[in-house]
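> Sharing a structure below in structure tokens format, with a few things to ask.
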Amino acid sequence: MIPRFFYIFCWLYLLFLGSNGPYLWGVENKVYYAWLITIFLSVFFVENKRRLLMKPLIWIIVLVSITFFNKAVVLKSSGAFVYSIPLLGAPFAVMAYSNYLAAMTKRKWKGLFVPLLWFFVLEVGLAVIERMIGYSIIGLRGGEIVHELIEQNIYGFRSTAFWGHPLSNALVVSTIMSFLLVSSLKVKYKLFLWAIGYISILCFNTRGSIIGNALILFTYLLYETFISRHIKQSTKISMIAMAILGTIIISYLLLNTGLGGRLTHGSLDDSSVQTRIDIWNVFDYMSKKELLWGTDSDSIEMLMEQSGLYALENFWIILIMRFGIVFLVLYVIVYAKWFKTLFAEYRLFDKAIIIGTFVLIASTNNSLADHFMPIFIFIVCSYIFSPHYFMHYLPQKWVEKR
């Protein structure tokens, strides 16, 4: 039997160091992910005694594996292994944790929730410190690029915290923020945690996340204060007061400190916005066969040159280019069915907030096409914040009475 400590250690590693693993160990991405998948499979075969989580995972693995076999063996497409292995990481990781997640005791739950909360606080703190000193302490992707205020100026600086790229950091922090927002935490605690998370989003200086999270919060407050009947009237009044205060503080930070400067001074980096617009032009150069079934890495590079693109920052388009529309549709259907099971105990509105945040922020970058850890964290969070566990295992002094 694998000790609980091993699962907690792996969880801590993936939270704090997982994204920069290839640079820490000096290996290529594909080798790093192959290592992790081997570890996950070993844990699964040693430990798994439950089948509760298996069916949707098997479908994802089968779908990706068939696509990989077709591209690598039948079509002999270049890049098939590199493209496929990140998509296998999340299902294999969840399989490794299936026995742990299937029947979580309070001790097991704390083993996931406490590290997650510490990661959130330290991630936010590191982002703020980096912004204050004008230097990325860990650096982008293991120090490959270091952002300094001298080079980027006060409006262009972007914190890199534990996950390296600002977009990856913003996705993970936004995911945790959405779960905290709809949780049964007392309003004053959840809004405080959400607010410090949003300040870190300003430090990451990712425009899509700044706007997206603001819209999500506005939607949440609108629903809870004027439509929902689950919250007491006095709590609603407190929520409105705290929201007004928070809006004033955030507005001051935006207008007077240079935080979120790429949004308030967008002309400083219009190339990034233009890239996200121009990326759609790539479809003009793709044949119907390539749109349906995808293409190889050499053809993708050629398509990027023809389209005048230097980067692909939309994971939907990346997956279409690599695997085709047919694969993407099936991939989304399988995940949708899995999410339906994962969020069975959540309110419909809470599901919309959580999944909406994740999909919205993820769609502004390539994280889900090249890394499995954001979606793995999302899935584990769905268990941590499940009403069945969260309301019963969290100390009652922190829980909002409804």
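The values are calculated or read from the model by the stated rules, or taken from the named source; none is laboratory data. Values in this document were obtained by computation on a predicted structure and should not be read as measured data. Neighbour counts run over all protein chains shown; Cβ positions are idealised from the backbone, glycine included.
> For the subset of segment 112-137 comprising residues that are surrounded by fewer than 19 Cβ atoms within 10 Å (Cβ to Cβ) and among the small types (Gly, Ala, Ser), which member is modelled with the highest pLDDT?
GLY125
> Check whether at least one residue in segment 100-111 is hydroxyl-bearing (Ser, Thr, Tyr) and over 20 Å from the mean Cα position of the chain (by Cα), and report yes or no. I'd like the intermediate steps shown before the answer.
First pass over segment 100-111, keeping only residues hydroxyl-bearing (Ser, Thr, Tyr): 100, 105.
Filter again for over 20 Å from the mean Cα position of the chain (by Cα), leaving 100, 105.
Yes, the conditions are met somewhere in segment 100-111.
Table: residues versus (1) of a type in the set (D, E, K, R); (2) crowded, with 18+ Cβ neighbours inside 10 Å; (3) assigned to a helix (DSSP H, G or I).
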| position | (1), (2), (3) |
| --- | --- |
| THR219 | no, no, yes |
| SER228 | no, no, no |
| MET239 | no, yes, yes |
| ILE248 | no, no, yes |
| SER251 | no, no, yes |
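> Please go through segment 355-371 and pick out each residue that is closer than 16 Å to ALA90 by Cβ and not in a loop (DSSP other than H, G, I, E, B). Please lay out each step first, then the result.
Going residue by residue through segment 355-371, those that are closer than 16 Å to ALA90 by Cβ are 355, 358-359, 362, 366-371.
Hits for segment 355-371 are ILE355, PHE358, VAL359, ALA362, SER367, LEU368, ALA369, ASP370.
> Something else now. For the subset of segment 343-366 comprising residues that are at pLDDT below 90 and more than 22 Å from PHE218 (Cβ to Cβ), which member is surrounded by the most Cβ atoms within 10 Å (Cβ to Cβ)?
ASN365
Matching residues to (1) basic (Lys, Arg); (2) modelled with pLDDT of 85 or more; (3) within 29 Å of LEU330 (Cα to Cα):
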{"site": "LEU63", "(1), (2), (3)": "no, yes, yes"}
{"site": "MET95", "(1), (2), (3)": "no, yes, yes"}
{"site": "LYS106", "(1), (2), (3)": "yes, yes, no"}
{"site": "TRP109", "(1), (2), (3)": "no, yes, no"}
{"site": "GLY139", "(1), (2), (3)": "no, no, no"}
{"site": "LEU149", "(1), (2), (3)": "no, no, no"}
{"site": "GLY156", "(1), (2), (3)": "no, no, no"}
{"site": "SER159", "(1), (2), (3)": "no, yes, no"}
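> Can you find a residue that is surrounded by fewer than 21 Cβ atoms within 10 Å (Cβ to Cβ) and over 20 Å from the mean Cα position of the chain (by Cα) anywhere in segment 368-387?
yes
> Can you name the residue in segment 294-310 that is without any contact (Cβ under 8 Å) to a residue 40 or more places away in the chain and of a type in the set (Gly, Ala, Ser) and, of all such residues, is surrounded by the fewest Cβ atoms within 10 Å (Cβ to Cβ)? Let's see the steps before the verdict.
Taking segment 294-310 as the starting set, the residues that turn out to be without any contact (Cβ under 8 Å) to a residue 40 or more places away in the chain are 299, 301-310.
So of that shortlist, the ones also of a type in the set (Gly, Ala, Ser) come out as 299, 307-308.
Values: SER299: 18, SER307: 17, GLY308: 11.
Here the residue is GLY308.
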